[in-house]
Every structure is written in structure tokens, then in C-alpha cells.
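Bear in mind these aren't lab numbers, they're just calculated from the coordinates by the rules spelled out. Please read these numbers as outputs of a predicted model, since none were measured by experiment. No Cβ is skipped: glycine too gets one built from the backbone with ideal geometry, and neighbour counts run over all protein chains shown.
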Amino acid sequence: MEYIDFLAELHLDAVRQGPGSSECTLRALTHVPELTADSLIVDIGCGTGASTDVLASNTHANILAIDFLPNFLEKLKTRISDTEYNHRIVTSVQDMANLELPKASIDLIWSEGAIYNIGFENGLRKWKPFMKKNAHIALSEIVWLSDDRPKEINDYWKSNYSEISTVDEKIRVLERLGFELLDYFTLPEHCWWDNYYRPLQNRIKEYKNKYVDKPEILEFLSLEEIEIELYQKYKSYYSYAFFIARNHSNSK
Ligand code: SAH
């Protein structure tokens, strides 16, 4: 089995594929000016659509939900199938590094726990041309909560995601690229456990039995366990932050 297929299988049945909650999605949405039935939201790296669902049920906008894993998008379609707003959601299998959209067409980019896949700065640079002038972006990204931290956790995250930095550094990147920050907040601890790590821990247990004779899968599962253990140990040093910003000028 390919690594990516296994990763998809491991996360497919979860409510979310990264830290977050409906409350935090809604909190970020309160900073975005009213959207209309003519507005286009693009939810990039939407996974199985936890945020897409909240955005559709709390706005009148049309939503394009993008992910590169078709199975996740199928799950999203099942999730919204019985809602009265499902006609406003369209899914599209796309690579977030090469969006296939008209330039200057988006009113709001939404992206929870996903931009790190192509890097925060690179992602913002790539997505900005698809946003209308004065359009908004709301995205979550892993950040250090303090300037200093123990070497073990610093080295772990630096080697897994070299762009991890403090909130201030992220804000500087946003401003340099021509975004005006409207607000930010860090995700509370329960956002990591409730919809993400705790369900993941249960699946890891189950999969250790299911794949008992597949050493490469067991190895992968133990890496996931290490990530969770480190979070438990060092959670006061990092979290996700949600940034809400307006696209006001060209990149510098
Ligand atoms: N926003 C969702 C999922 C976060 S996990 C949530 O918060 O629950 C990150 C998502 O990004 C996954 O669904 C993964 O399939 C998707 N992804 C990773 N790299 C991608 C790429 N290059 N293009 C499109 N989607 C990608």
C-alpha cells in the first residue's frame, strides 16, 4: 500500500483531519464581512469538510471545496448530502500548489491545518492572485507560543516543518505579502484532542492489530504516536493559530 493511501485511510473517518472545532471556525468567520449569494469561498485542503459544512450553514455563499484526495471529497459529499445547503458546495480534486481557478475570482479563502503542506509563505504567494482585491483569507497554521522552548520540541518541529515560527513572525509574512491582519487567535487545547488526536489514538490502536504483520505501517503508526506524546508533553509551547486577513495590495 502506498503511504498516501494509508494516511488517507487512517484519517478518513475522523470528524477533522487536523486540530480545530466548529466553534473556532465560527469565531474566525465573525471577522469576515457579510458574504452574499454571489460570493465565492474556496476551502483549500478541506479534508472531509468539517469547516466546509460550518461555512455553508452559516453563510449564503457558494463554496468550492478543494483537496487532492478524492476519498476525502467523497466523504464530504456524504456529510452534506442531507442538508438544504448542499447545492452551494462543489468539490474539486486539485493540487493546492497549482490552483485551477480564474484569477481574482475568490471572495474568501478558507484553509484549516493545510497550508503547511506547501509552506505558509509559498502558499500565500500562490493563492493571492486568485483572490479579488479586498477579499479575505482565514487560515490556521502551527505556531510557537513563546520565544524559547526546550530543544527536544524545537528540533522535532523544525525538522518536520521548518517554517514553524511565532505568531509575530507569521504576521510579518502576511503583511509583507500585502495582507492586512484583522485578527488572530490560538486554538485551545481541546481542539487538538476532541476532533483530532483522541480519535486518532483510537484508530492507531485498532490499526496496530489490523496491520500487525506490516512493519512499515507499524513504524508509521509509531511516528504518529510520538507526535501525540510530544504534544502532551510540550503543549504549552505550541498550538495552531487562526489568522484572518484582508488582501489589500500587491506582494513586496
Ligand atoms: N481542513 C481539514 C483538513 C486538514 S489536513 C480539517 O481541518 O479537518 C490537510 C488536508 O490537506 C488533507 O485533507 C490533505 O489531503 C490535503 N492536502 C495535502 N496536500 C495537498 C495538496 N498539495 N493539494 C491539495 N490538498 C492537499
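With an a/c value of 1.5 or above and a/b larger than b/c for the gyration tensor axes a ≥ b ≥ c computed over the alpha-carbon atoms, region 59-194 is described as prolate. When each of the peptides 61-74, 137-150, 206-219 is scored by the mean number of other C-beta atoms lying within 10 Å of its residues, the order from highest to lowest reads 61-74, 137-150, 206-219. Here are some pairs, K103/K126; K158/K210; K128/K170; which of them have Cα atoms lying more than 22 Å apart in this structure? With Cα atoms farther than 22 Å apart: K158/K210.
If a/c stays under 1.5 just call it rounded; otherwise compare a/b with b/c (prolate if a/b is bigger, oblate if not). Do that for region 16-56, with a ≥ b ≥ c from the square roots of the Cα gyration tensor eigenvalues. Oblate, since a/c reaches 1.5 and b/c is not below a/b.
Considering only Cα atoms, the convex hull volume of region 127-229 works out to 154 Å³ per residue. The C-alpha atoms of the chain occupy a region whose extents along the principal axes are 52, 46, 30 Å, arranged from largest to smallest.
Taking every DSSP beta bridge that has both ends in region 105-239, the antiparallel portion is near 20%.
Along its first, second and third principal axes, ordered by size, region 1-85 spans 45, 22, 20 Å in Cα coordinates. Annotation: the antiparallel percentage among DSSP beta bridges lying fully within the chain is about 45. Couplings 3J(HN,Hα) for region 64-77, derived from phi with the Karplus relation 6.51 cos²θ - 1.76 cosθ + 1.60 (θ = phi - 60°), are 9, 9, 10, 7, 8, 9, x, 4, 5, 5, 4, 4, 4, 4 Hz, where x marks Gly and Pro. Quick check: from the Cα gyration tensor, does region 200-252 come out rounded (a/c under 1.5), prolate or oblate? In terms of gyration-tensor shape, prolate.
Remark: region 153-160, residue by residue, has Karplus-estimated 3J(HN,Hα) of 7, 4, 5, 4, 6, 4, 7, 8 Hz, where x stands for each Gly or Pro and the curve is 6.51 cos²θ - 1.76 cosθ + 1.60 at θ = phi - 60°.
Gyration tensor over the Cα atoms of region 71-149: the corresponding equivalent ellipsoid has semi-axes (square roots of 5 times the eigenvalues, largest first) of 26, 18, 13 Å.
Under 15 Å of direct C-alpha separation, and excluding same-chain neighbours fewer than eight residues apart, K233 reaches these aspartates and glutamates: E152, D155, E189, E224, E225. Taken as Cα centroids, region 197-238 and region 48-91 sit 28 Å apart, rounded to the nearest whole angstrom. For Y161 and N71, a Förster radius of 25 Å and the Cβ-Cβ distance give a FRET efficiency of 0.55, rounded to the nearest 0.05.
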